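One structure below.
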Amino acid sequence: MPHLMNTYGRLPVAFTHGQGCRMFDEQGKSYLDALAGIAVNTLGHNHPRLVKALSEQVGRLMHVSNVYRITQAEAASDRLAAISRMDEVFFCNSGCEANEAAIKLARMYGHQQGIEQPAIIVMEQAFHGRTLATLSATGNRKVQAGFEPLVSGFVRVPFDDLAAIEQVAARNPNVVAVLFEPIQGEGGIHIAHQDFMRELRQICDRKNWLFMVDEVQCGIGRTGAWFAHQHAGIVPDVMTLAKGLGSGVPIGACLATGRAAGVFKPGNHGSTFGGNPLACVAALTTLEVIEADGLTARATTLGEAIRGGLRADLSGVAGFVEVRGDGLMIGVELDRPCGDLVKRALAAGLLINVTAEKVVRLLPPLVMSDAEGAELVAMLVPLIKEFLAA
Ligand SMILES: *Cc1c(COP(=O)(O)O)cnc(C)c1O
């Protein structure tokens, strides 16, 4: 038995390597990767441009402290600022760290306004991470159970529900920010309406609240825009990123603009590894390849093809509820818990995931081809039909 702490229910497979959207296990069996390490491997596996850029950087400089200038971090921040139309970037190493930075920023912003007990509005079924503050912000009792006392200062409302937010606005003078995922990932692929985002933007402006989006899963081109909130034509005050940003190299980021810019001063926040040259080269190269190869547009067209294919083949099947999503962030909801499908798919050579118990989740690399997309549908449909018929 390996000495790993028992924190995951792991599937009995170990991969040795990957190529594009394929992965290979120790027996040489090949799998179609429709999960991308949960929205991480944006460019698939072994992407030649990423491998080249990283190899060169490994031989040059991997880590340098943030007590010095880091030109790769400066370049990555410029690129992120340009595509988000935001002003400042703090680099860290993961999604929960990016959200920790956002939560700290919102609290400090509140204190600067004279609010001593700042509160942040968060959503039901949200997922923001596993650190104490982010699991307290998460809207899932299973994530929180056993870790009480939770971090206070969060007010929870139903997702995508403007009236609920108006009610909190009317009675709670301590609110300083709203934090939500434009598309909830772990919660089961739930999409916030564009009107909700636009009207929430107005409420935040009226109330001087920070509009904070967690795009750790839905960001980085996956929904056919650089960031999912951009479909609503708004700019947030704070945005958090991680997962797909480095195509597999750990990196997270907390972006700020408008009244959220300039809140942190030297000494308020930091990270030893955050913004190191290796991770920033990974992020820069990921963003460059997405742009050069038109991968946001790919996400749109391929996502439509996959959802259309699934809908055509599954509609009318007893137990199938619906297909939803945007771009290459796709959920297939069934009427019953379907975690077993993950194992069945694995046996068939397909990597998928199930979240919120009843939702098959697909998060393929953005480099997936049309043929691989069709193959994904052709593999998944019979698996779901057999599962529902059993
Ligand atoms: C995965 C995820 C996180 C947490 O990211 P980690 O890198 O695991 O800390 C936070 N928010 C969302 C929306 C996520 O999907």
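Restricting attention to the chain, close to 65% of DSSP beta bridges with both partner residues there are antiparallel. Amide H contacts for Val157 (H built 1.01 Å from N in the peptide plane; partners 5 or more residues away or on another chain; cut-off under 5 Å): Val122, Met123, Glu124.
Rolling a 1.4 angstrom probe over region 50-292 with all protein chains present gives an accessible area of which 52% lies on carbon and sulfur atoms.
Annotation for region 239-269 versus region 160-227: alpha-carbon center distance of 17 Å.
Segment Thr272..Glu357, full-extension length gain: 26.9 nm, with 0.36 nm per residue of separation and the alpha-carbon distance subtracted.
With a simple spin-label model that places each label point 7 Å from the Cα along the Cα-to-Cβ direction, the separation between Val58 and Ser30 comes to 2.5 nm. Residue by residue, region 180-191 carries 3J(HN,Hα) couplings of 7, 8, x, 10, 6, x, 4, x, x, 6, 10, 9 Hz when phi is fed to the Karplus relation 6.51 cos²θ - 1.76 cosθ + 1.60 (θ = phi - 60°); x denotes Gly or Pro.
Note on Arg336/Glu74: beta-carbon distance plugged into 1/(1 + (r/R0)^6) with R0 of 41 Å gives a FRET efficiency of 0.20. For region 322-339, putting each phi into the Karplus relation 6.51 cos²θ - 1.76 cosθ + 1.60 with θ = phi - 60° gives couplings of 6, 10, 9, x, 8, x, 9, 10, 10, x, 10, 8, 10, 8, 8, x, 9, x Hz, in residue order, rounded to whole numbers and with x for Gly and Pro. Backbone phi angles across region 247-255, fed through the Karplus curve with coefficients 6.51, -1.76 and 1.60 (θ = phi - 60°), yield HN-Hα couplings of 6, x, 8, x, 7, x, 8, 10, 9 Hz in residue order; Gly and Pro are listed as x. If R0 is taken as 30 Å, the Cβ-Cβ distance between Phe15 and Ala371 corresponds to a FRET efficiency of 0.85. A simple count of charges around Gly185, restricted to other residues whose Cβ falls under 13 Å of its Cβ and scoring Lys, Arg +1 and Asp, Glu -1, yields -1.
In this structure, the amide hydrogen of Glu322, modeled 1.01 Å from its nitrogen in the peptide plane, lies closer than 5 angstrom to those of Glu333, counting only residues at least 5 positions away or on a different chain. For the chain, the solvent-accessible area of protein heavy atoms averages 43 Å² per residue (probe radius 1.4 Å; ligands and nucleic acids excluded).
A cut-off of 5 Å between modelled amide H atoms, ignoring neighbours fewer than 5 places along the same chain, links Asn353 with Arg361.
Take the alpha carbon atoms of region 298-324, find their center, do the same for region 28-67, and report the distance between the two centers in whole angstrom. Using only Cα atoms, the two centres lie 30 Å from each other. In a fully extended conformation the segment linking Ala292 and Asn66 would gain 78.3 nm over its present Cα-Cα distance, using 0.36 nm per residue. Gain on full extension, evaluated as 0.36 nm per residue between His3 and Ser315 minus their Cα-Cα distance, stands at 107.7 nm.
The values are calculated or read from the model by the stated rules, or taken from the named source; none is laboratory data. Being a predicted model, the structure only gives us computed values, none of them experimental. Quick reminder, even Gly has a Cβ in these numbers, built from the backbone with ideal geometry, and neighbours come from all protein chains shown. Note: accessible area is taken over every heavy atom of the protein model, side chains too, but ligands, DNA and RNA are not part of it. Shrake-Rupley method; radii C 1.70, N 1.55, O 1.52, S 1.80 Å.
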